[in-house]
Amino acid sequence: MRRTALGLSLWLALAASAAAQGTPPAGAPAPKIATFAGGCFWCVEADFDKVPGVISTTSGYTGGRTANPTYEEVSGGGTGHAEAVEIAYDPAKVSYEQLLDVFWHNIDPLVKDRQFCDGGNQYRTAIFYHDDEQRRLAESSKAAVEKRFKKPVYTQIVAAGPFTKAEEYHQDFYVKNPLRYKFYRFNCGRDARLEELWGKKE
């Protein structure tokens with residue numbers, strides 16, 4: 001009996017630890033993956049980390065021509081990669097449609113190959129779909145955004161390919177370097193432009 005109680009206590013502790021770290025306990029359904037490029041990945045990561053049902057966010061590079069690119073290579077604009085964020089989420093708590101809504105409301109979809117103060121193809125906006133359902137939902141949401149603004153939307157919708165995790169200092173940058181992050185985000189005019197496009201956040 002004591003061994004059984006000890007085993008149960010250990011399992012509960014592990015489950016609680018996993019939940020605290022944002023990972024599902026053993027036996028829980030596997031999370032789904034969404035991948036978005038919305039300019040600076042520091043900002044995209046910060047925006048999605050606030051969404052209930054998002055388990056984790058990872059900054060990285062995707063959509064390019066070379067394997068395992070570095071930040072210096074991508075930021076130089078020579079690899080074809082976009083700064084992107086891979087999002088693991090619990091579909092029982094947040095739907096892909098809801099993630100798309102968060103994505104659109106945190107980018108400027110009306111500009112090509114830039115976002116706010118960052119210019120270049122590496123800062124393009126894109127939805128990298130992982131299956132046909134994500135592609136369908138992404139295309140439908142893009143059509144709705146074009147209808148709203150009555151202007152072309154330059155956000156790409158392309159199949160997800162290899163994703164290279166960015167260097168560790170980029171992960172959770174807004175947490176590790178809050179003052180530098182806030183200074184960058186403000187000076188880049190990101191939130192001012194988002195309010196101009198989408199209105200004030202609730």
Scan the range 90-107 and tell me whether some residue there is without any contact (Cβ under 8 Å) to a residue 24 or more places away in the chain, on the phi < 0 side of the Ramachandran plot, out of contact with any Lys or Arg (no Cβ under 7 Å at 6 or more places or on another chain) and open to solvent by 10 Å² or more (accessible area, probe 1.4 Å). yes
I'm trying to understand the selection: among the residues of the range 179-202, which are under 13 Å from F116 (Cα atoms) and hydroxyl-bearing (S, T, Y)? Y184
Residue under question is L137, and the condition is that it be part of a helix (DSSP H, G or I), more than 15 Å from the chain's Cα centre (by Cα) and at pLDDT 95 or above; does it hold? yes
Given (1) in contact with a strand residue (DSSP E or B) (Cβ under 6 Å, 6 or more places away or on another chain); (2) within 18 Å of W42 (Cβ to Cβ); (3) open to solvent by 60 Å² or more (accessible area, probe 1.4 Å), number of the condition R135 does not satisfy: (2)
Considering only the range 154-169, I want to know if a residue exists there that is at negative phi, open to solvent by 50 Å² or more (accessible area, probe 1.4 Å) and among the polar types (S, T, N, Q). yes
Taking the condition buried (at least 17 other Cβ atoms within 10 Å of the Cβ), more than 10 Å from the chain's Cα centre (by Cα), of a type outside the set (G, A, S) and not in a loop (DSSP other than H, G, I, E, B), does V74 pass? yes
Within the range 185-202, the count of residues that are touching a residue at least 12 places away in the same chain (Cβ under 8 Å) and open to solvent by less than 50 Å² (accessible area, probe 1.4 Å) comes to 7
Under 6 Å between Cβ atoms, which residue pairs at least 6 apart in sequence (or on different chains) link something in the range 36-63 that is of a type in the set (K, R) with a partner that is in a strand (DSSP E or B) and modelled with pLDDT of 95 or more? none
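The values are calculated or read from the model by the stated rules, or taken from the named source; none is laboratory data. All figures in this text were calculated on a predicted structure; none of them were measured in a lab. Positions of Cβ are generated from backbone atoms using ideal geometry, with glycine treated the same way; all protein chains shown enter the neighbour counts. Accessible surface areas use protein heavy atoms only, side chains included; no ligands, DNA or RNA. Shrake-Rupley method; radii C 1.70, N 1.55, O 1.52, S 1.80 Å.
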